[in-house]
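Presented below is the structure to which this report refers.
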Amino acid sequence: KPSTFYRCGSLRNFAYTWGPPDPSTLKVTSAASQVAHAPPPMVLQENYKHSLLKSREQYDAMYKRSIEDPQGFWSDIGKEFHWEKKWHADHHSYNFDVRQGPIQNQWFKGGQTNITYNCLDRHVEAGRGDQICFLWEGNDLDRDRRMTYKEVLDEVCRVANWLRSVGVKKGDAVAIYAPMLCELPIAMLACARIGAMHSVVFAGFSADSLAGRIVDCKSRVVITTSGVMRGSKKVELKKIVDNALNICKKSGFEVDTCLVYENDNAIDKASCPWTEGRDRWWHDEIPKQSTEAAVEWMDSEDPLFLLYTSGSTGKPKGVMHTTGGYMVMAATTTKYVFDMQPGDVYWCTADCGWITGHTYLTYGPLLNGATSVVFEGTPTYPTPARCWQIVEKYKVKQFYTAPTLIRSLEGSGDQHVTSQDRSSLRILGTVGEPINPQAWNWYHKVVGEGRCPIVDTWWQTETAAHLISPLPGVWGQKPGSASLPFFGAHIAMVDEKGQEIEGPGEGYLCVKSSWPSTIRTIYGDHDRYETTYFAPFKGFYFSGDGCRRDADGYYWITGRVDDVINVSGHRIGTAEVEGALEEHPACAEAAVVGFEHPIKGQGIYAYVTLMQGTEFTEDIRKGLVMTVREQIGAFAAPDVIHEAPGLPKTRSGKIMRRVLRKIASKEEDQLGDISTLADPGVVETLLKLRP
Ligand code: WT7
């Protein structure tokens, strides 16, 4: 069996890590023809009364200033927030070039603030404490709850006091593994209030994945719930946490406090597993805390949170964001992209376990004084009309979701949409993967009745905020294009040699200079940070995506060009899935690629070489899928397992993924040159064994 080092993917991806990606991964190869045929922009939505930005000229002027004078541009915006101490006049510096020394980003240097204070106290002090902050909609139709800004502030202070009472201090990490209850963003805001870094782990991850994240950032405190109902399925979250904490213990790291919210709709106290001494009930601990909790004033560059995400190699990376720049850019993108006014009812369907739930469900809307809908359930339960019932019930103005959901709802029939009143909708957003024009048009025509601009927002966990997005009503739209860069996003497109491409063309999507919410480091591994994002193209931040730019300057994102796949907007490293498959006793080696999937965008296609003498049976296949579910989580389960007595490798032992991608997408007539394979016969065997 290959060694662990080999399995974690570091070797096989060595070539990519130190140089530009394999050009064959760029999806569009005949760029010129595609770009020449770029459609003209659609007319502006005439009934859309945008209030923030009035014209393209205004955008052009603001964009120009944001690039030429970033320090001045963001200083003016920074003034809209409360700062305990003002930043220095010369507050910004950065280095994006590994040849010039360590990569670094600094914004609002010298300033001190607190993001929770700006999200909550600021509005309460301005007399808006009675406004609704969270509209919570339960999994079941008859459960809902509303919390005002004042109520949220009180609860955040109680949790903040509790965290302090169990010894959490500024700079400590706190892991949160919870479903979409108000208590999840409340716990995040409580951490930020006392200067602890929250590390939210999506509650669909397995015990193994949770344990890995807890150990990496040494969170001694974990916040969770007894369980959750997802549709008609009961998930015993505390049980998963217990397993994770045992795994942590075995690896020599012990969590000393676990705070558990009783979600009795799913699992009540009596049936929740319990470890005396370590576990505490939220209901016993939090209500008795005071609603006054001093704010920890944070330096602008003090860490705000960690969020683990998958890369093309190795274990998930703890993406670290800091306080000042993140706050200002989260607020500003939310304001302009969603044309947000205080009091707007806004719904982002993302889970707080992903970056979208951080920036555009929690911080962005609250910084703008909006009302944010928090939905516990799944969007098609009990029927595919659920989303539009919620839109009607709360009179949602801005709705933000992923293309995968749009495609799946499109497939369930228009009647589920048209049966609900959607007249409150003004702006529709999408994020997470390229949206195909067909889905775009359905979203625009059927959901938005042709009157709502679609904001197709391109960004990443690392960028923390939108970098490319339409601004509603300001310029014409093209279905499938994220259009133009946001203020401060110095977007560049480069070729495989790292030369910048001007004008129309196709290349690798990069950023040329720092923006306020840039990823600051990978927690505990600054080398990996530099290697991943700044080594492939010297002087640029490399996003991992390919793109085209048309004659109007619009960007068309073509998808990941590294070994990361995007399944339903969830980012999964192929190396991680391979590592998980290789944990199965019958698996000798695995190679995973993405393939086009009509609903999920991409599906997971796994080639598996079994140990000598093992027969490929249905049980083995199921066992392999189960292993991935247990190691990573259900959302990473392969769609296809392809028996591979041998993998296509070069003479130096490198797997030719291009060949595997072509076979997975049934394009074996376009395999290209396979003469460099050590054993070209492997391809024929694979084709014969196609499942
Ligand atoms: C990757 C980042 C950004 C929050 C959700 C995902 C893809 C994101 C778009 C878009 C085409 C998109 C990219 C990117 N992506 N938005 N509008 N059009 N692709 O965050 O998990 O960090 O994934 O999602 O491939 O690199 P993430």
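Worth pointing out:
- Single match in GLY343, GLY318 (criterion: touching a residue at least 12 places away in the same chain (Cβ under 8 Å) and either part of a helix (DSSP H, G or I) or in contact with a Phe, Trp or Tyr (Cβ under 7 Å, 6 or more places away or on another chain) (or both)): GLY318
- Single residue of segment 532-565 satisfying the filter (among the acidic types (Asp, Glu) and either under 14 Å from TRP458 (Cβ atoms) or open to solvent by less than 30 Å² (accessible area, probe 1.4 Å) (or both)) that is farthest from the ligand (Cβ to nearest atom): ASP550
- Checking LEU259 against (1) within 16 Å of the ligand (Cβ to nearest atom); (2) within 17 Å of VAL166 (Cβ to Cβ), the condition it does not meet: (1)
- Any hit, segment 436-449, residues being open to solvent by 10 Å² or more (accessible area, probe 1.4 Å), within 13 Å of the ligand (Cβ to nearest atom) and either more than 16 Å from the chain's Cα centre (by Cα) or of a type outside the set (S, T, N, Q) (or both): yes
- Only one of ASP456, ASP495, ASP421 that is among the acidic types (Asp, Glu) and either within 11 Å of the ligand (Cβ to nearest atom) or crowded, with 22+ Cβ neighbours inside 10 Å (or both): ASP456
- Positions within segment 207-224 being under 22 Å from the mean Cα position of the chain (by Cα) and under 16 Å from ALA178 (Cβ atoms), in sequence order: ALA207, SER209, LEU210, ARG213, ILE214, SER219, VAL222, ILE223, THR224
- In the condition set (1) without any contact (Cβ under 8 Å) to a residue 60 or more places away in the chain; (2) closer than 18 Å to GLN289 by Cβ; (3) open to solvent by 10 Å² or more (accessible area, probe 1.4 Å), VAL166 is compliant with all but (1).
- Identity of the residue in segment 346-380, among the polar types (S, T, N, Q) and either within 19 Å of the chain's Cα centre (by Cα) or not in a loop (DSSP other than H, G, I, E, B) (or both), that ends up nearest to the ligand (Cβ to nearest atom): THR356
- Screening segment 267-289 for residues that are part of a loop (DSSP other than H, G, I, E, B) and open to solvent by less than 60 Å² (accessible area, probe 1.4 Å) and picking the one that is nearest to TYR529 (Cα to Cα) gives ARG278.
- Contacts under 6 angstrom Cβ, first residue in segment 405-422 being more than 20 Å from ALA350 (Cα to Cα) and touching a residue at least 24 places away in the same chain (Cβ under 8 Å), partner open to solvent by 50 Å² or more (accessible area, probe 1.4 Å) and assigned to a helix (DSSP H, G or I), 6 or more apart: GLN420/GLN389; GLN420/GLU392; ASP421/GLU392
- Among the residues of segment 651-691, those identified as in a loop (DSSP other than H, G, I, E, B), closer than 14 Å to VAL593 by Cβ and without any contact (Cβ under 8 Å) to a residue 12 or more places away in the chain are LYS666, GLU667.
- Criterion: among the polar types (S, T, N, Q) and in contact with a strand residue (DSSP E or B) (Cβ under 7 Å, 6 or more places away or on another chain) - qualifying residue of SER312, SER412: SER312
The values are calculated or read from the model by the stated rules, or taken from the named source; none is laboratory data. The model shown is predicted, which means the values in this text are computed figures rather than measured ones. Note that each Cβ is placed from the backbone with ideal geometry, even for glycine, and that neighbours are counted across all protein chains shown. These area figures cover heavy atoms from the full protein model, side chains too; ligands, DNA and RNA do not enter into them. Shrake-Rupley method; radii C 1.70, N 1.55, O 1.52, S 1.80 Å.
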